[in-house]
Amino acid sequence: MIKVKDLSLSYGSRILFENVNLSLDAGNRYGLIGANGAGKSTFMKILTGEVEPSSGAVSIASDVRVGVLRQDHYRYDEFTVLQTVLMGHEELWTVMSERERMYSQAELTEEEGMQVGELENRFAELDGYSAEYFAAELLEGLGIPVDKHADLMSSMIGGLKLRVLLAQVLFGRPDVLLLDEPTNHLDLDTIRWLETFLLEHNGTMVIISHDRHFLNAVCTHMLDVDYKQITAFPGDYDYFVAASSLSREQLQADNARNMEKIAELREFVARFSANKSKARQATSRARQIEKIELHEIRASSRVSPYIKFTLRQPLGKQALTLRGVDKAYGDLSVLKGVNLDIAGGEKVAVIGPNGVGKTTLMQILAGATEPDAGTVAWGQSAQFSYFPQDHTGVIRYGTTVYDWLKSFDDEADQQTIRSILGRMLFPKDDAQKATDVLSGGETARLLLSRMLLQQANVLLLDEPTNHLDLESIDSLGKALAEFPGTVIFVSHFRQLVSDVATRIIELTPSGLRDFTGTYEEYLEKRDAMYSAS
């Protein structure tokens, strides 16, 4: 299906990968994984033809239709949502447009009548009569209601535009799907829908995702970008982690045994090379040394931060109480009469569709937004630390990573600050990095560094996994699960919710659902209720 031959890419002296040879076979679903900056998105762009490799080539058969998830927010602004999705099948869209143009004419010549007949035949062959129904089904599955389908793309906000573009590439039902972070801006239920759709699609897929559960649910193979190579592994992400770790451990063990053998042989050669009776044996052992090969074990680009949240003081029985909390923006009511009691030690996941009020609730808890009515009362011993979803302006410019973090605790000594930064993958030199040039991942890790420093007994986190790689997300999930205080968090990452939550609060347009238990238990109960109804 896709052949990659002797592919290399470098920028100056920096080599992303070299001499890559891969065969991506029909029907397989490949998860493209690796540390941030390893070259995942660049490799994807090579597959789409947007980036030229330094050497080597990618070949895709000419009759293979390739669908690419585009990130161009403005390209389709003059078209409606439904039209944009229909454009995902280029030939069908061309036939539809020409068919519509022909029928709009007052009269048709005999030749044009023949053309219309040919168009109708091709339109039927391409399932044109069911196209709008299928496009609408995709949009609804991705959380865009029917009353939005006739709206212009220019009226849609960024997150919804990306959903439309995802529907567009799925609508084309291509032979090859290239999807870079398809779950961005999707809520948990929509991600579940997408998993089901992809599992039912027969094409080959290459998918970049930082969601371990999504990779495990969808992918049959992993493409690992690491060690300046791209290596294919059969199986899901969890199997890859186990297999790659075992393979590396075996190489290290082989090298250790071979080094031990070399040391023994060298000792023999050194002792007996001058001994005439054993000179021949010494020469033989010297030749054995030359034949022993040591595996090249390159340094991995993957590095996991060490996250461990501690608290300055214990938290009492009650962490937080909300009574009658209302919040509206103009005519749009997002929270109505919210009542909540959250106890010390609970791990609460706040879930629900986009726009339902999750971030608003978190901002109210953090004091960043005032409710229109109702009260928010923190427990007497409660101290919270807040990780906002929108990082804009949170980290001020014109300072350094070290100085920004130090500003939150004047009494913290240099060793404490540098230790936290080191654990969060800011080595010595990066501590003096200007805050103006931080990447998204660095910004997220610096905000988590602030939470580590503050040692609050309640952690408020709104989409903390945005911009983090898989290793950082796994470390964060483990740290939140082990934290002795209270955690209240919003996330669309199924794995994080599954690993951490002991209570689920789902915000819906019709009200709040409150469930004590894991996310899997919540889904089981909710799905059973839907089935019964």
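The values are calculated or read from the model by the stated rules, or taken from the named source; none is laboratory data. Note that the coordinates shown come from a computational prediction; the quantities given were computed from them, not determined experimentally. Heads up, the Cβs are rebuilt from the backbone with ideal geometry, glycines too, and the neighbour counts pull from every protein chain shown. Ligands, DNA and RNA are excluded from the accessible area calculation, which covers all protein heavy atoms including side chains. Shrake-Rupley method; radii C 1.70, N 1.55, O 1.52, S 1.80 Å.
Would you call residue 449 under 27 Å from residue 313 (Cβ atoms) and buried (at least 17 other Cβ atoms within 10 Å of the Cβ)?
yes
I want to confirm something. Restricting to segment 340-357 and keeping residues that are under 20 Å from the mean Cα position of the chain (by Cα) and outside any loop (DSSP other than H, G, I, E, B), which single residue is surrounded by the most Cβ atoms within 10 Å (Cβ to Cβ)?
350
What's the number of the only condition in (1) at pLDDT 85 or above; (2) open to solvent by 60 Å² or more (accessible area, probe 1.4 Å) that residue 265 fails to meet?
The one condition residue 265 does not meet is (2).
Considering only helices (runs of 4 or more DSSP H) fully contained in segment 468-533, which possess at least 1 residues that are without any contact (Cβ under 8 Å) to a residue 12 or more places away in the chain and open to solvent by 60 Å² or more (accessible area, probe 1.4 Å)?
Qualifying helices (runs of 4 or more DSSP H): 519-532.
Quick one: in segment 119-157, which of the residues that are in contact with a strand residue (DSSP E or B) (Cβ under 9 Å, 6 or more places away or on another chain) and surrounded by 14 or more Cβ atoms within 10 Å (Cβ to Cβ) is nearest to residue 73 (Cα to Cα)?
Filtering first and then ranking leaves 153.
List pairs: first residue in segment 182-193 and within 13 Å of residue 141 (Cα to Cα) and outside any loop (DSSP other than H, G, I, E, B), second residue open to solvent by 60 Å² or more (accessible area, probe 1.4 Å) and modelled with pLDDT under 90 anywhere in the structure, Cβ distance under 9 angstrom, at least six positions apart or on different chains.
190/354
Would you call residue 96 over 30 Å from residue 227 (Cβ atoms) and outside any loop (DSSP other than H, G, I, E, B)?
yes
Among what's in segment 423-443 and is touching a Phe, Trp or Tyr at 6+ places or on another chain (Cβ under 7 Å) and not small (Gly, Ala, Ser), pick the residue that is nearest to residue 307 (Cα to Cα).
423
Pairs under 6 Å by beta carbon, first residue closer than 20 Å to residue 203 by Cα in segment 42-68, partner in a loop (DSSP other than H, G, I, E, B) and of a type in the set (Asp, Glu), six or more apart or different chains?
The qualifying pairs are 64/175; 65/175.
If you take just the helices (runs of 4 or more DSSP H) that sit entirely in segment 212-316, which of them hold at least 1 residues that are among the charged types (D, E, K, R) and more than 21 Å from the chain's Cα centre (by Cα)?
Hits in segment 212-316: 237-272, 279-291.
Hey, any hits in segment 151-167 for a residue that's under 23 Å from residue 355 (Cβ atoms), part of a helix (DSSP H, G or I) and hydroxyl-bearing (Ser, Thr, Tyr)?
Within segment 151-167 (the criterion being under 23 Å from residue 355 (Cβ atoms), part of a helix (DSSP H, G or I) and hydroxyl-bearing (Ser, Thr, Tyr)), the answer is yes, since at least one residue qualifies.
Would you tally the residues in segment 158-206 being open to solvent by 10 Å² or more (accessible area, probe 1.4 Å), farther than 23 Å from residue 93 by Cα, of a type in the set (A, V, I, L, M) and within 18 Å of the chain's Cα centre (by Cα)?
Of the residues in segment 158-206, 1 are open to solvent by 10 Å² or more (accessible area, probe 1.4 Å), farther than 23 Å from residue 93 by Cα, of a type in the set (A, V, I, L, M) and within 18 Å of the chain's Cα centre (by Cα).
Checking the conditions here, which among 282, 253 is under 30 Å from residue 40 (Cα atoms) and either surrounded by 13 or more Cβ atoms within 10 Å (Cβ to Cβ) or at pLDDT 85 or above (or both)?
253
Could you please give the count of residues in segment 325-380 that are touching a strand residue (DSSP E or B) at 6+ places or on another chain (Cβ under 8 Å) and of a type in the set (Phe, Trp, Tyr)?
Counting residues in segment 325-380 that are touching a strand residue (DSSP E or B) at 6+ places or on another chain (Cβ under 8 Å) and of a type in the set (Phe, Trp, Tyr) gives 1.
Can you name the residue in segment 382-408 that is open to solvent by less than 30 Å² (accessible area, probe 1.4 Å) and part of a loop (DSSP other than H, G, I, E, B) and, of all such residues, is nearest to residue 466 (Cα to Cα)?
Applying the filter and picking the extreme gives 388.
Can you go through 209, 273 and tell me which one is surrounded by 13 or more Cβ atoms within 10 Å (Cβ to Cβ) and touching a Pro at 6+ places or on another chain (Cβ under 8 Å)?
209
Hey, residue 461 hits all of (1) modelled with pLDDT of 95 or more; (2) more than 27 Å from residue 181 (Cα to Cα); (3) not in a loop (DSSP other than H, G, I, E, B); (4) not aromatic (Phe, Trp, Tyr) but one; which does it fall short on?
Here residue 461 meets the rest and fails (2).
In segment 6-44, which residue that is open to solvent by 30 Å² or more (accessible area, probe 1.4 Å) and touching a Gly at 6+ places or on another chain (Cβ under 6 Å) is nearest to residue 473 (Cα to Cα)?
It comes out as 36.
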